């Protein structure tokens, strides 16, 4: 924790200390409304992913606008949001180990909780623990739809696992998790369309096979910011899980938009200041690796053409300056992070601004929730 706050409510943006994580509220609210309206019009449920923002205040606003609940990636993340009053959470991950299973059931006693499985032993562990404690929990079968990460590959095995879930008295078989994370970042619209067409084919085959043995597949859930409109209009997915859409990072902005894609705006920024100006063509800012994640590439300087973020070290970011640059020592600028999720995880607070004033400061309460 920092020994003092970067800002107070009512401060001008010039007064925010650096480096700081800044949320532009007008753009954030437009993004939130755009997706909710589009998904609702398609007759699909929105369950936004909270791993992007890790902030209960944002999750509560998403639900107030019409989201059915949220996704989390970790049991400990879910615990933070249950404590904040969120009553419907899908943990989009496999939960393995006696302690984690127990923690998930602790939460299921207080809220509606779902988890993913892709192995028979995971089902057995939840079946035993839920029966012993008489606590029901929702179970989703994850299908590998092309990402090559988690998920069941064989249709026959998927059917057998659905039957195993259905036979357990306290396990509610809800349906399928069908998420292709890599497809979110395919740059061309036709690449994303091709990938999601293949996703839908695999999801439809699994659904048909499971329902062929008399087990209802109530829900097919998945999708992300890069492909959400494709799944929403697929006539197969009835729930989508986009997360980054409210913030938008540099990596997502690199995707070429299809006319049917929604025009999400950059709303998340890192405010940084020039702390060194060693030469006419180089400046150094106070936002390095500990202030902005670079796993998806360097951040970009927002609304300036005279400076390029060149490289990062722990506490420093090196800018390449154009000959006409007016940047001087102490000047601040805004960076668009390369990847919003791990960038948010670096901060204790989101400083929410409207116009040029701080309107609110929201804790990133699930920061570091890795268990």
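Taking the beta-carbon count within 10 Å as an exposure proxy, list 300, 9 from fewest neighbours to most.
Working: 300 20, 9 11.
Taking fewest neighbouring Cβ atoms as first place, the list is 9, 300.
Just for the chain, what percent of DSSP beta bridges are antiparallel, to the closest 5? Provide the component values of the computation, followed by the final result.
Values: 29 of 60 bridges.
Once the DSSP bridges in the chain are tallied, antiparallel ones form about 50 percent.
Compute the relative contact order of the stretch 10-83 as a whole-number percentage, counting only Cα pairs closer than 8 Å that sit 6 or more residues apart in sequence. Walk me through the intermediate numbers first.
Values: 42 pairs, mean separation 20.1, N = 74.
About 27 percent, as a whole number.
Mind jotting down the distance between the C-alpha centroids of the stretch 202-237 and the stretch 63-120, whole Å?
The stretch 63-120 and the stretch 202-237 have Cα centres separated by 21 Å.
So what is the 222 nm mean residue ellipticity for the chain from helices alone, if each DSSP H run of at least 4 adds -39500 (n - 2.57) and you divide by all residues, rounding to the nearest 500 deg cm²/dmol? Mind dumping the intermediate values first?
On the way: 10 runs with 112 residues, N = 371.
The helix-only estimate for the chain comes to -9000 deg cm²/dmol at 222 nm.
With springs only between Cα atoms under 10 Å apart, run a GNM on the chain and tell me which of 234, 87, 279 wobbles the most.
279
With a 10 Å cut-off between alpha carbons and a GNM built on the chain, which of 343, 272, 305 moves the most?
Residue with maximal mean-square fluctuation among 343, 272, 305: 305.
Quick one: compute the contact order of the chain, relative version, from alpha carbon pairs under 8 angstrom and 6+ residues apart, as a percent.
Numbers: 818 pairs, mean separation 81.3, N = 371.
Once divided by the residue count of the chain, the mean separation gives 22 percent.
How high is the relative contact order of the stretch 244-351, in percent, counting Cα pairs under 8 Å that sit 6 or more residues apart? Before the final figure, lay out each step's value.
Working: 216 pairs, mean separation 36.3, N = 108.
Relative contact order comes out at 34 percent.
Using the beta-carbon distance between residue 83 and residue 193 and R0 = 56 Å, what value does 1/(1 + (r/R0)^6) give for FRET efficiency, to the nearest 0.05?
On the way: r = 40 Å, r/R0 = 0.72.
It comes out at approximately 0.90.
Once you place label points 7 Å from the Cα toward the Cβ at residue 304 and residue 106, how far apart are they in nm?
Taking the simple label geometry, residue 304 and residue 106 are separated by 4.6 nm.
Once you've got the GNM for the chain with C-alpha springs shorter than 10 Å, pick whichever of 275, 334, 25 has the biggest mean-square fluctuation.
It is 275.
Using Cβ counts within 10 Å as a stand-in for footprinting exposure, how do 12, 103 rank, fewest first? Walk me through the numbers on the way to the answer.
On the way: 12 12, 103 18.
Result, fewest neighbours first: 12, 103.
No value in this document is a laboratory result; all are computed from the given coordinates. Since the model is a prediction, treat every value here as computed from it, not as a measurement. Methodologically, a virtual Cβ is constructed for each residue, glycine included, from the backbone with ideal geometry; neighbour enumeration extends over all protein chains shown.
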